[in-house]
Each structure stands twice: as C-alpha cells, then as structure tokens.
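One structure is given here, and the rest of the page talks about it.
The values are calculated or read from the model by the stated rules, or taken from the named source; none is laboratory data. Computed from a prediction, not measured in an experiment: that's the story for all the values here. Cβ placement follows ideal geometry from the backbone for every residue including glycine, while neighbour counts extend to all protein chains displayed.
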Amino acid sequence: MSSGTAAATTVVNLKGHRDDPAYADVVYVGRPMHRGGWHLEGSPLASPFRPGRDGSREEVLEQYREHLLGRPDLLALLPGLRGRRLGCWCVPEPCHAQVIAELADEG
C-alpha cells in the first residue's frame, strides 16, 4: 500500500449474504448472476477464464493476472477499488478477486 492509513482491499464470499445489509458496500467483480434470488450484472473485471476449462485454479489466476495487466482500461478501474470489499463466490479458494485486490493495493 502506498499510504499507511489506507485500508487493505479485501475479498468476501457473497454466498448466504444476498439481503445482508452488512454487505451493501461490497463491489461485485464476477460474472452475471441471475439465480438463487441474485440479480447481479457482470463486472468488467470478471474473469474470462474458468478453472477446469482453461486450466488449474492456479493457472487461471496467472492467466487472469496477465489479462488484467495487458488491459489499461481495466487497470484504470483499480484505484477506485482500493480499500473496498470485493465480492465473489470463490473465497476461501484462490480467486481472481484476490488478484484485483492485490493489484489495487499495489497501485
């Protein structure tokens, strides 16, 4: 982090928190989700890579990191996420949202 006063960007799992007011500030960074009562639009930062189809979880995270680093338009979104809570479905498994959080905090 560039400042000692800035909070770290964190990643939370949205499962079970659909109507939880404590999650109202979470920024969703995944693919479109329209089931189970969720109506989430896909994020521009959603990963185009999927574990299994595109490689192991570790391989897809590296592919996503390379993808993100090669996209100035997406990198431009990261400063606005610094210190925020990012929502996904993967954690505690390794997740592309953790890549976003890491890069946002490095920025």
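Criterion first (surrounded by fewer than 16 Cβ atoms within 10 Å (Cβ to Cβ), in a helix (DSSP H, G or I) and not basic (Lys, Arg)) does Pro48 satisfy it?
It is false that Pro48 is surrounded by fewer than 16 Cβ atoms within 10 Å (Cβ to Cβ), in a helix (DSSP H, G or I) and not basic (Lys, Arg).
You will find that of Glu41, Glu93, the residue that is more than 13 Å from the chain's Cα centre (by Cα) and among the acidic types (Asp, Glu) is Glu41 and no other. For Leu77, the test of being crowded, with 17+ Cβ neighbours inside 10 Å, closer than 26 Å to His39 by Cα, modelled with pLDDT of 95 or more and of a type outside the set (Phe, Trp, Tyr) is passed. Residues in the stretch 85-107 that are farther than 20 Å from Pro32 by Cα and either charged (D, E, K, R) or at pLDDT 95 or above (or both): Glu102, Leu103, Ala104, Asp105, Glu106. Select from the stretch 18-45 the residues that are assigned to a loop (DSSP other than H, G, I, E, B) and of a type in the set (Val, Ile, Thr) and write down the one among them that is surrounded by the most Cβ atoms within 10 Å (Cβ to Cβ). It comes out as Val29. For the stretch 11-37, the set of residues classified as without any contact (Cβ under 8 Å) to a residue 60 or more places away in the chain and in contact with a Leu (Cβ under 8 Å, 6 or more places away or on another chain) consists of Pro32, Met33, His34, listed by residue number.
Taken together, the criteria exclude Val60 from residues that are in contact with a strand residue (DSSP E or B) (Cβ under 7 Å, 6 or more places away or on another chain), surrounded by 12 or more Cβ atoms within 10 Å (Cβ to Cβ) and of a type in the set (A, V, I, L, M). Scanning the stretch 63-95 for residues that are under 18 Å from Ala7 (Cβ atoms), touching a strand residue (DSSP E or B) at 6+ places or on another chain (Cβ under 8 Å) and in a loop (DSSP other than H, G, I, E, B) yields Arg84, Val91. Per the conditions (1) at pLDDT 95 or above; (2) assigned to a loop (DSSP other than H, G, I, E, B); (3) hydrophobic (A, V, I, L, M, F, W, C); (4) closer than 16 Å to Arg85 by Cα, the sole criterion not satisfied by Val12 is (2).
Screening the candidates Arg57, Arg84 for the property of being touching a residue at least 12 places away in the same chain (Cβ under 8 Å), among the basic types (Lys, Arg) and touching a Pro at 6+ places or on another chain (Cβ under 7 Å) yields one hit, Arg57. Under the condition of being touching an Asp or Glu at 6+ places or on another chain (Cβ under 9 Å) and of a type outside the set (D, E, K, R), the residues counted in the stretch 82-98 number 2.
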